[in-house]
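S.K.: Quick one: the structure is below, questions incoming.
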Amino acid sequence: LDALSRLQDQIEPFPYEDVERIVSGELGIRISKAFAEFDPTPLAAASLSQVHRAWMRDGRAVVVKVQRPDIRELIVGDLEALGEIAHFLDSHTELGKRYEFENALIDLRKSLLRELDFTIEANNLRSIGQSLSEFEEIVIPDPIEDYTTTRVLTMEYIAGKKITALNPLRLLEIDGALLADELFSAYLKQFLVDGLFHADPHPGNVFITDDDRVALLDLGMVGRVSRTFQDNLLRLLLAISEGRG
């Protein structure tokens, strides 16, 4: 758990020279021309990317998410190695026959490769942002379409801190019960109504904003729920609420 938690936002950042090369190459314009200001020191560095603060020419504060150089090749190589291991386990072990690791790997491969396309994440930000617009205590950043490609995602900057980084005094200032209710209701809507949900709500992706709201960040990984599954889940929740074991 400790090792996995470091993948959230504490990985060694890659050099600014690579950031400049990737952003300029993807946007087709130098960083100094595209942005009024671009902070070379990353806000956070995670397993697939790192994020930098920047300011648009019109004064808007944004964050720019930049994919790690050569990460696609690294992941494809790792997936091939995992595929060989999964095939061996499925063919030669009782555990493999029971759990079918190759099938699990198919879903993992699809999910990871989708995460490497930042235009998909921009679409997720728009879709879930619109869906949750009725929840006043929840914020989702808007993507900046003209400054987004498969490897660079520019989005609205939201001032706040990740939920595990708040000191005890700050925790006393927020209405935790209200925020928990709002977040729970928002997830019920995503599961039971929309069939599309934010599937990666680890502490690095859930912020408390400076104005005491919840911000959901990093929508590279979303889940989808079929109508049949929604109906079954709703029946299950109703049965639980009515004490019908």
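The values are calculated or read from the model by the stated rules, or taken from the named source; none is laboratory data. Remember, predicted model here, so these are calculated numbers, not experimental data. Here the Cβ is made from the backbone with ideal geometry for all residues, glycine too, and neighbour counts use every protein chain on show. Note: areas computed on protein heavy atoms with side chains; ligands, DNA, RNA excluded. Shrake-Rupley method; radii C 1.70, N 1.55, O 1.52, S 1.80 Å.
S.K.: Only residues in the stretch 149-163 that are among the aliphatic types (A, V, I, L, M) count as the first member; pair them with residues that are open to solvent by 70 Å² or more (accessible area, probe 1.4 Å), Cβ under 7 angstrom, at least 6 apart or cross-chain, and list the lot.
M.R.: 155/142; 159/210
S.K.: Okay, moving on. Go through (1) open to solvent by less than 40 Å² (accessible area, probe 1.4 Å); (2) in a helix (DSSP H, G or I); (3) under 25 Å from residue 146 (Cβ atoms); (4) small (Gly, Ala, Ser) for residue 111 and report which single condition fails.
M.R.: If we test residue 111 against (1) open to solvent by less than 40 Å² (accessible area, probe 1.4 Å); (2) in a helix (DSSP H, G or I); (3) under 25 Å from residue 146 (Cβ atoms); (4) small (Gly, Ala, Ser), just (3) comes out false.
S.K.: If you scan the stretch 32-47, which residues turn out to be open to solvent by less than 10 Å² (accessible area, probe 1.4 Å) and touching a strand residue (DSSP E or B) at 6+ places or on another chain (Cβ under 6 Å)?
M.R.: Taking the stretch 32-47 as the starting set, the residues that turn out to be open to solvent by less than 10 Å² (accessible area, probe 1.4 Å) are 34-35, 45.
Hit for the stretch 32-47 is 35, nothing else.
S.K.: While we're here: Which of the following residues is on the phi < 0 side of the Ramachandran plot, surrounded by 13 or more Cβ atoms within 10 Å (Cβ to Cβ) and either in contact (Cβ under 8 Å) with a residue 60 or more places away in the chain or not aromatic (Phe, Trp, Tyr) (or both): 133, 91, 127? Steps first, answer last, please.
M.R.: On the way: 133 fails: surrounded by 13 or more Cβ atoms within 10 Å (Cβ to Cβ); 91 fails: surrounded by 13 or more Cβ atoms within 10 Å (Cβ to Cβ).
Going through 133, 91, 127 in turn, just one is on the phi < 0 side of the Ramachandran plot, surrounded by 13 or more Cβ atoms within 10 Å (Cβ to Cβ) and either in contact (Cβ under 8 Å) with a residue 60 or more places away in the chain or not aromatic (Phe, Trp, Tyr) (or both): 127.
S.K.: Does the stretch 6-26 hold any residues that are part of a helix (DSSP H, G or I) and farther than 22 Å from residue 158 by Cβ, and which are they?
M.R.: From the stretch 6-26, those part of a helix (DSSP H, G or I) are 6, 16-26; that's our starting set.
Answer for the stretch 6-26, where residues must be part of a helix (DSSP H, G or I) and farther than 22 Å from residue 158 by Cβ: 6, 16, 17, 18, 20, 21, 22, 24, 25, 26.
S.K.: Another one. Does any residue of the stretch 134-141 turn out to be in a helix (DSSP H, G or I) and farther than 28 Å from residue 25 by Cα?
M.R.: no
S.K.: Answer with yes or no whether residue 91 is in contact with a helix residue (DSSP H, G or I) (Cβ under 9 Å, 6 or more places away or on another chain) and of a type in the set (Ser, Thr, Tyr). Break it down into steps so the answer makes sense when it comes.
M.R.: On the way: in contact with a helix residue (DSSP H, G or I) (Cβ under 9 Å, 6 or more places away or on another chain): yes; of a type in the set (Ser, Thr, Tyr): yes.
For residue 91, the condition - in contact with a helix residue (DSSP H, G or I) (Cβ under 9 Å, 6 or more places away or on another chain) and of a type in the set (Ser, Thr, Tyr) - is met.
S.K.: What number of residues in the stretch 23-42 are in contact with a Lys or Arg (Cβ under 6 Å, 6 or more places away or on another chain) and aliphatic (A, V, I, L, M)?
M.R.: Start the filter on the stretch 23-42 by keeping residues that are in contact with a Lys or Arg (Cβ under 6 Å, 6 or more places away or on another chain), which leaves 24, 26, 36, 39.
Going one step further and asking which of them are aliphatic (A, V, I, L, M), we end up with 36.
Selection size over the stretch 23-42: 1.
S.K.: Which is open to solvent by 40 Å² or more (accessible area, probe 1.4 Å), polar (S, T, N, Q) and under 22 Å from the mean Cα position of the chain (by Cα), of 10, 50? Lay out the reasoning, then the answer.
M.R.: Numbers: 50 fails: open to solvent by 40 Å² or more (accessible area, probe 1.4 Å).
Every option except 10 fails the conditions.
S.K.: Exactly one condition in (1) of a type outside the set (A, V, I, L, M); (2) in contact (Cβ under 8 Å) with a residue 40 or more places away in the chain; (3) in contact with a helix residue (DSSP H, G or I) (Cβ under 9 Å, 6 or more places away or on another chain) is false for residue 103; which is it?
M.R.: Going through the list (1) of a type outside the set (A, V, I, L, M); (2) in contact (Cβ under 8 Å) with a residue 40 or more places away in the chain; (3) in contact with a helix residue (DSSP H, G or I) (Cβ under 9 Å, 6 or more places away or on another chain), residue 103 breaks only (2).
S.K.: For residues that are of a type in the set (A, V, I, L, M, F, W, C), at pLDDT below 90 and touching a helix residue (DSSP H, G or I) at 6+ places or on another chain (Cβ under 8 Å), tally how many sit in the stretch 166-216. Don't jump to the end; show me each part of the working.
M.R.: Our first condition is that a residue be of a type in the set (A, V, I, L, M, F, W, C); within the stretch 166-216, this holds for 166, 169, 171-172, 174, 177-180, 183-184, 186, 188, 191-193, 196-197, 199, 206-208, 214-216.
Within this subset, residues satisfying the condition of being at pLDDT below 90 are 166, 169, 171-172.
Imposing the further condition that a residue be touching a helix residue (DSSP H, G or I) at 6+ places or on another chain (Cβ under 8 Å) reduces the set to none.
Adding up the residues that qualify gives 0.
S.K.: Which residue pairs have Cβ atoms under 7 Å apart, sit 6 or more places apart or on different chains, and have a first residue in the stretch 68-81 that is within 26 Å of residue 52 (Cα to Cα) and a second that is open to solvent by less than 100 Å² (accessible area, probe 1.4 Å) and assigned to a helix (DSSP H, G or I)?
M.R.: 69/18; 69/22; 75/112
S.K.: Assuming residue 64 fulfils every condition listed in (1) modelled with pLDDT of 95 or more; (2) open to solvent by 70 Å² or more (accessible area, probe 1.4 Å) apart from one, which condition is it?
M.R.: Result: residue 64 fails condition (2) only.
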